[in-house]
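Here the structure comes first, spelled out in structure tokens, and everything after it is commentary.
Computed from the coordinates by the stated procedures, all read-outs in this text should not be read as laboratory data. Please read these numbers as outputs of a predicted model, since none were measured by experiment. Neighbour counts are summed over all protein chains in view; Cβ atoms, including those assigned to glycine, are modelled from backbone coordinates with ideal geometry.
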């Protein structure tokens, strides 16, 4: 079948694994996806089925929206909650407040340079960065310029139930970020913390939109059927 599927990838699963489950469940032969989500991240994963894979280059540039909890005062080697702690702030005074965060958010909008996480799929001399990091090979993570269209500190915990259930701690803040392709939310957490004189990780990440595909219409792995495939003719 040729078309597009809007899937809500659960946290704790790779994008490839999610794609494989859908492919096997629906009996699809050729499937690809747009924009890899970290294993710990959840949310919109757009699957291209059959002839719709021809749309990959066109749709790959789609704007994406994320909601993420940043935990300040701690840094891990993966820049998320799965890694080993490599740095902590010296005291509680290093934890910023909402006013301080809002004062630096304007500098996080536009074309900004980020450091790609050591644990990522980017190639370093022909090898994946995460393979080098796991092997404890010393290397300098590359940098790249990304475009951030919107970076907001949220006052309400909208959609928080989709990525975690407990309440936010005193050192945690909830953000909504609209950006172009290739942006690492984990890197944004690190950069924002640096601007505030501290450290941080992205402890929860959920992608709520990819182009016109919204999480409100995304199907779970349990509920998805072939009837949910948006036919190729309607999206060409």
>> What is the distance in Å between the Cα centroid of the range 184-236 and that of the range 1-37?
In response: 14 Å
> Taking a spot 7 Å from the Cα of residue 85 along the direction of its beta carbon, which residues of the range 50-78 have an amide N less than 18 Å from it?
Replying inline: 70-78
> To the nearest 0.05, how large is the calculated FRET efficiency for residue 230 and residue 180 if R₀ is 25 Å and r is the Cβ-Cβ distance?
Replying inline: 0.65
> Rounded to the nearest 5, what % of the DSSP beta bridges within the chain are antiparallel ones?
Replying inline: 95 percent
> Using the alpha-carbon atoms, what tilt in degrees (0 to 90, nearest 10) does helix 185-195 show relative to the longest principal axis of the chain?
Replying inline: 20 degrees
>> What is the angle, in °, between the Cα long axis of helix 15-26 and the longest principal axis of the Cα atoms in the chain? Nearest 10 is fine, range 0 to 90.
In response: 20 degrees
> Say each of residue 223 and residue 121 gets a label point 7 Å from the Cα, pointing the same way as Cα to Cβ; how far apart are those two points in nm?
Replying inline: 2.7 nm
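Please give the peptides 84-90, 147-153 ranked by average Cβ packing (other Cβ atoms within 10 Å per residue), highest first, as a rough proxy for protection.
The packing order, highest mean first, is 147-153, 84-90.
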> Taking only C-alpha pairs under 8 Å that are 6+ residues apart, what is the relative contact order of the chain in percent?
Replying inline: 33 percent
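Please state the relative contact order of the range 31-119 as a whole percent: Cα pairs under 8 Å, 6+ residues apart?
Details: 63 pairs, mean separation 16.9, N = 89.
19 percent.
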> Rounded to the nearest 500 deg cm²/dmol, what is the calculated helix-only ellipticity per residue at 222 nm for the chain, with -39500 (n - 2.57) per DSSP H run of length n ≥ 4?
Replying inline: -5000 deg cm²/dmol
> Could you give the radius of gyration (one decimal) and Dmax (whole number) of the Cα atoms in the chain, in Å?
Replying inline: 18.2, 58
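May I ask you to derive the FRET efficiency for residue 195 and residue 14 from their Cβ-Cβ distance with R0 = 25 Å, giving the value to the nearest 0.05?
Numbers: r = 31 Å, r/R0 = 1.24.
Once the sixth-power term is evaluated, E becomes 0.20.
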